[in-house]
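Student: First, the structure itself, so that you have it in front of you.
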Amino acid sequence: MASHQRSPPASDEATATSTDHESALETARRQLDRAAAGLDIDDAVLERLEHPAAVHEVTVPLERDDGSVEVFTGYRAQHDSVRGPYKGGLRYHPDVTRDECVGLSMWMTWKCAVMDLPFGGAKGGIVVDPKELSADEKERLTRRFAQEIRDVIGPNADIPAPDMGTDPQTMAWFMDAYSMQEGETIPGVVTGKPPGIGGSYGREEAPGRSVAIVTRETCEYYGYPLSETTVAVQGFGSVGANAARLLEEWGATVVAVSDVNGAVYDPDGIDVGAIPSHDEEPEAVTRFADDIDEDDGVRRLSNGELLELDVDVLIPAAVGNVITADNADAIAADIVVEGANGPTTFAADAMLEERGIRVIPDILANAGGVTVSYFEWLQDINRRAWSLERVNEELESEMVTAWTALRDEVERRDISWRDAAYVVALERIADAQEMRGLWP
Ligand code: NAD
């Protein structure tokens, strides 16, 4: 099969400037074609996967705080449900488009299949800048959006989750609006809720935790004991900070971390527990860097310089499209673990592969988020909360199982980790389609 693909730029890439940027839908289709080229899959199955099952477009009228009314556009793209209900985030962002939702819904289909979760892919959102809404306006917009798409979602049909511009509070409003109309409390209609109303412990930390788990497994596999492994992490948010803290706890030396304003580098290792994450205190990394004494070998770097550090493991966990054709030749890490969605462009991916740098794809590495969303859904349906210990144990088990399935393909077919992820996903989806058949 073709030897390189990249994941769709899934979020946050308003800042991306790479020249080899392409739309999420183009990338998703390209990935499907490339992955399919190396597999014995019926053309009819592929033809079905090229297209979303449905794309719902709605208008969402909102009464602003000043009494005026504004009308926003909302979407819900549902790609494929052959393995289970649709699952995927809702984003509030001015750049949301129909095509972006379709591309990202395809990508969710592959991600759920890589993790062997009984879900298909969806994505949706509203074309709005949430920073321009008051909390009350955001609540009214969310409740009306829930009403507009009520007929096409549900705990057994399509389960939204937070994404860019939405959070646990948004999911709480959404769940309440849906439940009020149904006449009963239905927590399983969305995931990513606060724990008090059916959210799962460990959901917020899950993507960072999964990044740490696959980093650990990959290091062990390639003969890098964590106690002798150096790590650089770009972005100190939910994903980056949680991954960095766990890897440090497990013995790795985190030599560099960054926020949007820049990076701090200490060859002897940074005490990452001492720096608040983006959520706890935005831009704390650069404030921490202001207090450092550069005489001790500690240095401030730019985000670009962090990416080029000579470390064992590089974890881009900030935004998409940061490793591009412009800097791929300067990447000096042996292993790249994609914490962010789509940090490596298509061209850069090929360059890294040619240089023997192993890239663990986002579609596996940060899939802890959707995996714990699945746990949340199970807890909601059973009306029984799991302890944090149980969530983390089960996440560990799911991640190691998925990582092992990819490793088997890497060994068996002598392909990249990204190719292996698409092989595993596509085979599972195609098998399900073939077993169920096409009705009528
Ligand atoms: P976040 O907002 O919590 O943190 C982002 C961090 O990146 C912050 O430290 C910020 O200062 C830094 N940053 C922002 N722009 C930057 C830039 N241009 N260059 C360098 N650093 C920059 O975000 P997050 O939730 O940790 O998400 C990070 C990435 O992981 C995104 O690509 C997101 O789509 C992806 N992701 C997140 C989740 C999740 O549930 N949080 C799940 C899967 C994937």
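Student: Quick check for you: with a 1.4 Å probe and neighbouring chains kept, what is the accessible area per residue of the chain, in Å²?
Tutor: 40 Å²
Student: How large is the dipole of segment 331-415 about the Cα centre if only Lys and Arg carry +1 and Asp and Glu carry -1, each at its Cβ, rounded to the nearest 20 debye?
Tutor: 140 debye
Student: Is segment 96-161 rounded, prolate or oblate when judged by the Cα gyration tensor, a ≥ b ≥ c being the square roots of its eigenvalues, rounded requiring a/c under 1.5 and prolate requiring a/b larger than b/c?
Tutor: prolate
Student: What full-extension length gain, to one decimal in nm, is calculated for residue 384 and residue 152 as 0.36 nm per residue of separation minus the Cα-Cα distance?
Tutor: 80.9 nm
Student: Compute, for the chain, the length of the dipole vector about the Cα centre, with Cβ point charges of +1 (Lys, Arg) and -1 (Asp, Glu) only. Units Debye, rounded to 20.
Tutor: About 1620 debye.
Student: Karplus couplings for segment 397-406 from phi (6.51 cos²θ - 1.76 cosθ + 1.60, θ = phi - 60°), rounded to Hz, Gly and Pro as x?
Tutor: Going residue by residue, I get 5, 5, 5, 5, 4, 5, 4, 5, 4, 5 Hz, with x marking Gly and Pro.
Student: On to the next question. Enumerate the amide H contacts of residue 128 below 5 Å, restricted to partners 5 or more residues apart or on another chain; note that Pro and chain-start residues carry no placed amide H.
Tutor: Long-range HN contacts for residue 128: 93, 96.
Student: For segment 126-194 and segment 412-440, write down the distance between their C-alpha centroids in whole Å.
Tutor: Each part's Cα centre sits 32 Å from the other's.
Student: Taking every pair of Cα atoms in the chain, average 1/r, invert it to obtain the Kirkwood radius, and report Rg/Rh to two decimals.
Tutor: My calculation of the ratio gives 0.96.
Student: What translational diffusion coefficient, in µm²/s and rounded to a whole number, does the Stokes-Einstein relation yield for segment 305-440 at 4 °C and a viscosity of 1.567 mPa s, taking the hydrodynamic radius as the Kirkwood radius over Cα pairs?
Tutor: In µm²/s, the coefficient rounds to 77.
Student: Further question on the same structure: Suppose only helical runs count, i.e. DSSP H with n ≥ 4. What mean residue ellipticity at 222 nm does that imply for the chain under -39500 (n - 2.57) per run, divided by all residues and rounded to the nearest 500 deg cm²/dmol?
Tutor: -13000 deg cm²/dmol
Student: Here's another thing I want to ask about it. Taking the highest mean first, how do the peptides 419-426, 318-325 order by number of other beta carbon atoms within 10 angstrom per residue?
Tutor: 419-426, 318-325
Student: Now for a different question. Assuming R0 = 41 Å, can you tell me the calculated FRET efficiency for the pair residue 98 and residue 435, based on Cβ-Cβ distance, to the nearest 0.05?
Tutor: Computed FRET efficiency for residue 98 and residue 435: 0.85.
Student: How would you classify segment 334-396 from its alpha-carbon gyration tensor, with a ≥ b ≥ c the square roots of the eigenvalues: rounded for a/c under 1.5, else prolate if a/b is greater than b/c, otherwise oblate?
Tutor: Verdict is prolate for segment 334-396.
Student: Once you have the Cα-Cα distance between residue 397 and residue 43, take 0.36 nm times their residue separation minus that, and quote the gain in nm to one decimal.
Tutor: Gain on extension, residue 397 to residue 43, equals 124.0 nm.
Student: Which of the peptides 108-118, 222-232, 351-361, 38-48 is most tightly packed, and how do the rest follow, judged by the mean count of other Cβ atoms within 10 Å per residue?
Tutor: Put in order of decreasing packing, that is 108-118, 351-361, 222-232, 38-48.
Student: Of all accessible surface on the chain at a 1.4 Å probe, what whole percent is carbon and sulfur?
Tutor: So the carbon and sulfur contribution to the accessible surface is 45 percent.
Student: Then there's this: What whole-number distance in Å separates the alpha-carbon centres of segment 218-258 and segment 61-98?
Tutor: Here the two parts' Cα centres lie 35 Å apart.
Student: Please give the contour-minus-distance gain from residue 53 to residue 354: 0.36 nm per residue of separation, less the Cα-Cα distance, rounded to one decimal in nm.
Tutor: 104.7 nm
Student: For the peptides 152-165, 172-185, 237-250, what is the packing order when you average, over each peptide's residues, the other Cβ atoms within 10 Å and list the highest mean first?
Tutor: Output ranking for 152-165, 172-185, 237-250: 237-250, 152-165, 172-185.
Student: What residues qualify as long-range amide H neighbours of residue 385, i.e. H under 5 Å apart, gap of 5 or more or another chain, H built at 1.01 Å from N?
Tutor: Under 5 Å from the amide H of residue 385 lies no amide H from a residue far enough along the sequence or on another chain.
Student: First check a/c for segment 281-380, with a ≥ b ≥ c the square roots of the eigenvalues of its C-alpha gyration tensor; if it is under 1.5, answer rounded, and if not, answer prolate when a/b is larger than b/c or oblate otherwise.
Tutor: Cα axes put segment 281-380 in the oblate bin.
The values are calculated or read from the model by the stated rules, or taken from the named source; none is laboratory data. No experiment lies behind these values; they were computed from the predicted model shown. Positions of Cβ are backbone-derived with ideal geometry, glycine not excepted, and every protein chain shown enters the neighbour counts. Side chains included, ligands, DNA and RNA excluded: accessible areas come from the protein's heavy atoms. Shrake-Rupley method; radii C 1.70, N 1.55, O 1.52, S 1.80 Å.
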